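Structure first, commentary second.
The values are calculated or read from the model by the stated rules, or taken from the named source; none is laboratory data. From a predicted model like this one, the values you see are computed outputs, not experimental measurements. Here Cβ is always computed from backbone atoms with ideal geometry, including for glycine, and neighbour counts include all displayed protein chains. With ligands, DNA and RNA removed, areas are computed over all heavy atoms of the protein, side chains included. Shrake-Rupley method; radii C 1.70, N 1.55, O 1.52, S 1.80 Å.
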Amino acid sequence: MSATSAEAHGGTGTVEVVLVKNGRTKIRYPARRLADDGDRVSVRAPWAGAGVRDFGFVRFEPGDVFTEHYWRTRWYAVKEVRTGAGALKGWYCDVTRPAVVSPDEILVTDLDLDLWVGADRSVVLRLDEDEFAASGLAATDPRAAERAMNALDELERLAREDSHGFTALFR
């Protein structure tokens, strides 16, 4: 068995993804662990929200499938979104603190900043910068706020300028 296999880092079974925002659990859902190389862990889960969530630029709805990538060392998570039939909708990128991964759980702290990258990369949208500013993180933890902004900038740069670099993050 390879040292980079999922089995070496907690198995390939089900894991709970726990998203924390402002110190409270925002959502918790089961996902199937696909891979774990010691830094990046990848899981797959159906849309865990209640009903349809229409953002205007994309709709998340029952039947959608998310392949999610979390890093222990990076300040973001990337979620590939597909319809139940397999058509790519795009990538929803959350700016987060590095994930805390255990055999049973992936704990992610959301820092309010997000990036949407459409399937053909013609749409790249920075999201929730107003929420990030209102969070007060820049005052309470300036280093984390700087890392969060740097992560958003890196994701946007890769999505706009280097499509191979963007998808290489999780291939």
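Scanning the stretch 110-125 for residues that are buried (at least 18 other Cβ atoms within 10 Å of the Cβ) and out of contact with any helix residue (DSSP H, G or I) (no Cβ under 6 Å at 6 or more places or on another chain) yields Asp110, Asp114, Trp116.
On inspection, Glu61 does not qualify as without any contact (Cβ under 8 Å) to a residue 60 or more places away in the chain and crowded, with 16+ Cβ neighbours inside 10 Å.
Of note, Leu169 does not satisfy the criterion of being within 30 Å of Gly23 (Cβ to Cβ), modelled with pLDDT of 95 or more, open to solvent by 10 Å² or more (accessible area, probe 1.4 Å) and not β-branched (Val, Ile, Thr). For the stretch 49-58, filtering for residues that are touching a residue at least 24 places away in the same chain (Cβ under 8 Å) and surrounded by fewer than 16 Cβ atoms within 10 Å (Cβ to Cβ) leaves 2.
Is one or more of the residues making up the stretch 73-83 at positive phi, of a type outside the set (D, E, K, R), under 14 Å from the mean Cα position of the chain (by Cα) and at pLDDT 95 or above? Scanning the stretch 73-83, I find no residue that is at positive phi, of a type outside the set (D, E, K, R), under 14 Å from the mean Cα position of the chain (by Cα) and at pLDDT 95 or above, so the answer is no. Filtered by the rule that a residue be in a strand (DSSP E or B), touching a residue at least 24 places away in the same chain (Cβ under 8 Å) and either surrounded by 14 or more Cβ atoms within 10 Å (Cβ to Cβ) or in contact with a Lys or Arg (Cβ under 6 Å, 6 or more places away or on another chain) (or both), the stretch 23-44 gives Ala31, Arg33, Leu34, Ala35, Asp36, Arg40, Val41, Ser42, Val43, Arg44. The residue that is farthest from the chain's Cα centre (by Cα), among those in the stretch 93-109 that are polar (S, T, N, Q) and open to solvent by 10 Å² or more (accessible area, probe 1.4 Å), is Ser102. Can we say Gly90 is of a type in the set (Gly, Ala, Ser), within 14 Å of the chain's Cα centre (by Cα) and at positive phi? Here the answer is yes, as Gly90 does meet what is asked. Count of the stretch 45-66 residues, restricted to those that are out of contact with any Phe, Trp or Tyr (no Cβ under 8 Å at 6 or more places or on another chain) and of a type outside the set (D, E, K, R), is 3.
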